[in-house]
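One structure below.
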Amino acid sequence: NVAWSIRITGQLRVEALEQSLSEIVRRHEALRTTFIEKNGEPVQVVSSAHRLHLAVLDLSSTADAEVEAQRLTLQESQQPLDLKNGPLLRARLLKLGAEEHILLITLHHIVFDGWSRRILVQELARLYEAYGSGKPSPLPDLPLQYADYAVWQREHFAGKDLVKQLAY
């Protein structure tokens, strides 16, 4: 799992945050991909876009919300993600107080890496700002998906290019 938490201080529009996360999942096929076995080989299955449900857990009346948030953050990071059935992205919001939240995001490393984190955070910020103001997404549709890159890479490293790379 790739798991991290984002502390959000100030007034939070939960609906805009959920809409932003849903749009990110819609934009990136990799976040809608699961993996099945067919004839002994792994096969990618990209599902259609759907609204991501942001589970909200209110800890504001808990005796020590920070300690409980730490426990839940660790627990969430250790929960497995099902490659076959998905989803391979989970989001959970911990409410510590009226203006204090922690967004927990957990993804499977097969669809997400460190490079992707920067992209996700940038897109989340832009989308949240737009949706929180009642505006449409400011982000254009992606001309390529990761699967397109994977096909190109497989074709590029076939034949003599593969032999050359293996020899190196």
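The values are calculated or read from the model by the stated rules, or taken from the named source; none is laboratory data. Predicted model, so just to flag it, every value in this text is computed and none were measured. Don't worry about glycine lacking a Cβ; one is built from the backbone with ideal geometry, like all the others, and counts go over all protein chains shown. Just so you know, the surface numbers come from the protein's heavy atoms only, side chains and all, with ligands and any DNA or RNA stripped out. Shrake-Rupley method; radii C 1.70, N 1.55, O 1.52, S 1.80 Å.
Worth a mention:
- Area of residue 43 that stays accessible when all protein chains are in place (1.4 Å probe, Å², to 10): 50 Å²
- Whether the stretch 16-97 is rounded, prolate or oblate, judged on the alpha carbon gyration tensor where a/c under 1.5 counts as rounded: oblate
- Relative contact order of the chain, taken over Cα pairs closer than 8 Å and 6 or more residues apart, is 30 percent.
- Accessible area of the chain belonging to carbon and sulfur atoms, whole % at 1.4 Å probe: 54 percent
- Cα centroid of the stretch 76-151 to Cα centroid of the stretch 18-61, whole Å: 9 Å
- In terms of its C-alpha gyration tensor, the stretch 3-61 comes out prolate, because a/c is 1.5 or above and the ratio a/b outweighs b/c.
- The residues of the stretch 20-168 expose, per residue, 65 Å² of accessible area to a 1.4 Å probe.
- Treating r as the C-beta distance of residue 125 and residue 156 and R0 as 45 Å, the FRET efficiency rounds to 0.85.
- Label point distance in nm, residue 61-residue 144, each placed 7 Å from Cα along Cα→Cβ: 5.3 nm
- Figure note: 110, 24, 119 ranked by solvent-accessible area, largest first, 1.4 Å probe, ligands and nucleic acids not counted: 110, 119, 24.
- Prolate/oblate/rounded call for the stretch 60-168, Cα gyration tensor, a/c under 1.5 rounded: oblate
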